[in-house]
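One structure below.
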Amino acid sequence: HESTVPEELGDPAVRAAEVPEPGAVTIVVPTFNESGNVRELLQRITDSVPTRLPCEVVFVDDSTDDTPEVIFREAQDCPFPVAVLHRDEPVGGLGGAVVEGIKAAGSDWIVVMDGDLQHPPSLVPELVGTGERANAGLVVASRYLKGGSRAGLAGGYRIAVSRGATWLTKLLFPRKLRGISDPMSGFFAIRRSVVTAEILQPLGYKILLELAVRSRPRRVTEVPFVFQDRFAGESKSTAQEGFRFLRHLIGLRTASPAARMVGFGLIGATGFVPNLVGLWALTKLGLHYVPAEILANQLGVAWNFLLIEQLLFRERRRHRRWWDRAGRFALLANADLLLRIPLIALLVHEFGMGALPATALALVTTFVLRFVGTEALVYLP
Ligand code: GDD
Ligand code: MN
């Protein structure tokens, strides 16, 4: 096999990465209907990787087109092993695909890159070389370092969204994302040994974020890169993907019980909206305000149930049927209401507390009890 000089602009071949000592890399490429890009991608990997670093390529494919066939055909001429994992039941979207690829990888280093050539394959040896030299567990290819850019991020709208999302994410995870200027990047090298695959819960596009937060290696470093234009086809990202990202952020942020309790409280606080609306509607229909409030309160309970199911306990729903969970949740919520008044009376009469501190203490107590009860009795860990 003869290697040719890649002709992309700013090609890092000139920055010449040294081949790491025991050196091999598995390049994991998630693909969803990328048949128009496979040939060029494998060609450019062939041009710039195997002569500098032994490699294998693992495609994790969720396509509905002929991408797998095209990969098989084009792989014939490749001077490195190429595997295709086709998933008939794609779970976790792009991130789920990448985790499957990481599990299947046979090398110490794994480079994750997109299949549409927005990530220059010529940077692969440099990512791994940098990781070896810095003794890092994770090397992020960043658009925000000097020398990098997001040329391929078409349109002011996408740039603004990307910038806002990056800012919010860094705000939410200041410690875990220290030293990572581009947590949204889909191009990075990670050591197999740092990946804690069993605790990952990938959800959509931001797999680097998932790894940085849940598998945070001690040492992280970055390399600048120019985000290119797509070679063929178009982006698979949708508005739905945006909502998935928000759910992913909430899931990562509420991984600890303490953080989950805060989320539980915030969601609970929003319940007053349906509660008030229900009360208004029912009294308008002529119902006395006491039964109206009892009914309206159930509306708030239902609202809270739907939100915690979607945002806090998504991964823990499988242990019970939905009506079982709903029943238990409603029971706890109503027990909270029923308990509160006698508890306040007890605190005031038996412990001589003022009405206000007694109410505050009762509110906090029943809230914590309800949270602990929801964790243990509605959603098993
Ligand atoms: N297996 C699989 N399953 N692959 C997928 C899926 C999926 O559900 N969705 C997308 N892909 C593949 C695409 O085929 C492509 O190879 C790669 O993942 C990236 O998808 P694009 O649709 O091209 O993403 P993008 O260009 O909008 O976003 C990229 O850049 C962002 C930064 O602006 C990605 O790298 C993002 O992770 C990154 O945040
Ligand atoms: Mn792309």
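The values are calculated or read from the model by the stated rules, or taken from the named source; none is laboratory data. In this text, all values refer to a predicted model and were calculated from it rather than measured experimentally. Glycine also receives a Cβ, built like all others from the backbone with ideal geometry; neighbour counts cover every protein chain displayed.
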Q) Quick one: in the stretch 57-80, which of the residues that are part of a loop (DSSP other than H, G, I, E, B) and either more than 23 Å from the chain's Cα centre (by Cα) or hydrophobic (A, V, I, L, M, F, W, C) (or both) is nearest to Val99 (Cα to Cα)? A) Thr64
Q: Taking the options Gly278, Gly233, Gly268, name whichever one is away from ligand 2 (no atom under 16 Å from the Cβ) and closer than 30 Å to Gly204 by Cα.
A: Gly268
Q: Answer with yes or no whether Ser185 is outside any helix (DSSP H, G or I) and at pLDDT below 95.
A: no
(Q) Let me spell it out: the conditions are (1) within 16 Å of ligand 1 (Cβ to nearest atom); (2) in contact with a helix residue (DSSP H, G or I) (Cβ under 6 Å, 6 or more places away or on another chain), and Ile250 meets all of them except one. Which number is the exception? (A) (1)
Q | Whichever residue in the stretch 116-153 is more than 19 Å from Pro183 (Cα to Cα) and within 12 Å of ligand 1 (Cβ to nearest atom) and, among such residues, is surrounded by the fewest Cβ atoms within 10 Å (Cβ to Cβ) | A | Leu117
Q. Is it the case that some residue within the stretch 160-170 is surrounded by fewer than 21 Cβ atoms within 10 Å (Cβ to Cβ), among the hydroxyl-bearing types (Ser, Thr, Tyr), closer than 23 Å to Phe32 by Cα and within 16 Å of ligand 2 (Cβ to nearest atom)?
A. yes
Q) Across the stretch 178-199, which residue is surrounded by the most Cβ atoms within 10 Å (Cβ to Cβ) among those that are within 14 Å of ligand 1 (Cβ to nearest atom) and of a type outside the set (Gly, Ala, Ser)? A) Phe188
Q: Would you be able to tell me the number of residues in the stretch 214-243 that are more than 15 Å from ligand 1 (Cβ to nearest atom) and of a type in the set (A, V, I, L, M)?
A: 2
Q.
What's the number of the only condition in (1) part of a helix (DSSP H, G or I); (2) more than 10 Å from ligand 1 (Cβ to nearest atom); (3) touching a strand residue (DSSP E or B) at 6+ places or on another chain (Cβ under 8 Å) that Val98 fails to meet?
A. (2)
Q.
List the residue pairs whose Cβ atoms are under 7 Å apart, where the first residue sits in the stretch 74-92 and is on the phi < 0 side of the Ramachandran plot, the second is part of a loop (DSSP other than H, G, I, E, B), and the two are 6 or more positions apart or on different chains.
A. Pro79/His1; Pro79/Pro50; Phe80/Pro50; Arg87/Asp62; Pro90/Asp62
Q: Mind listing just one residue for me: the one in the stretch 113-155 that is within 14 Å of ligand 2 (Cβ to nearest atom) and of a type in the set (Lys, Arg) and, of those, modelled with the highest pLDDT?
A: Arg143
Q | Residue selected from the stretch 87-112 under the condition more than 16 Å from ligand 2 (Cβ to nearest atom) and small (Gly, Ala, Ser), by the criterion surrounded by the fewest Cβ atoms within 10 Å (Cβ to Cβ) | A | Gly106
Q) Can you name every residue in the stretch 351-379 that is closer than 29 Å to Arg318 by Cα, surrounded by 15 or more Cβ atoms within 10 Å (Cβ to Cβ) and free of Cβ contacts under 8 Å to residues at least 24 places away in the same chain? A) Thr365
Q. If you go through the stretch 214-223 one residue at a time, do you hit one that is crowded, with 16+ Cβ neighbours inside 10 Å, of a type in the set (Ser, Thr, Tyr), modelled with pLDDT of 95 or more and in a loop (DSSP other than H, G, I, E, B)?
A. yes
**Q.** Count - residues of the stretch 310-365 that are over 30 Å from Leu246 (Cα atoms) and small (Gly, Ala, Ser)
**A.** 8
Q) Would it be correct to say that Asn334 is closer than 27 Å to Ala360 by Cα, within 28 Å of the chain's Cα centre (by Cα) and of a type in the set (S, T, N, Q)? A) no
Q: Scan the stretch 349-381 for residues that are within 20 Å of Trp323 (Cα to Cα) and either part of a helix (DSSP H, G or I) or polar (S, T, N, Q) (or both) and jot them down.
A: Arg370, Phe371, Val372, Gly373, Thr374, Glu375, Ala376, Leu377, Val378
Q | Members of the stretch 294-330 that are free of Cβ contacts under 8 Å to residues at least 24 places away in the same chain and buried (at least 18 other Cβ atoms within 10 Å of the Cβ) | A | Ala296, Glu309
Q) Pairs under 6 Å by beta carbon, first residue within 13 Å of Ile71 (Cβ to Cβ) and within 12 Å of ligand 2 (Cβ to nearest atom) in the stretch 22-37, partner assigned to a strand (DSSP E or B) and modelled with pLDDT of 95 or more, six or more apart or different chains? A) Val29/Phe59; Pro30/Val60; Thr31/Phe59; Thr31/Asp61
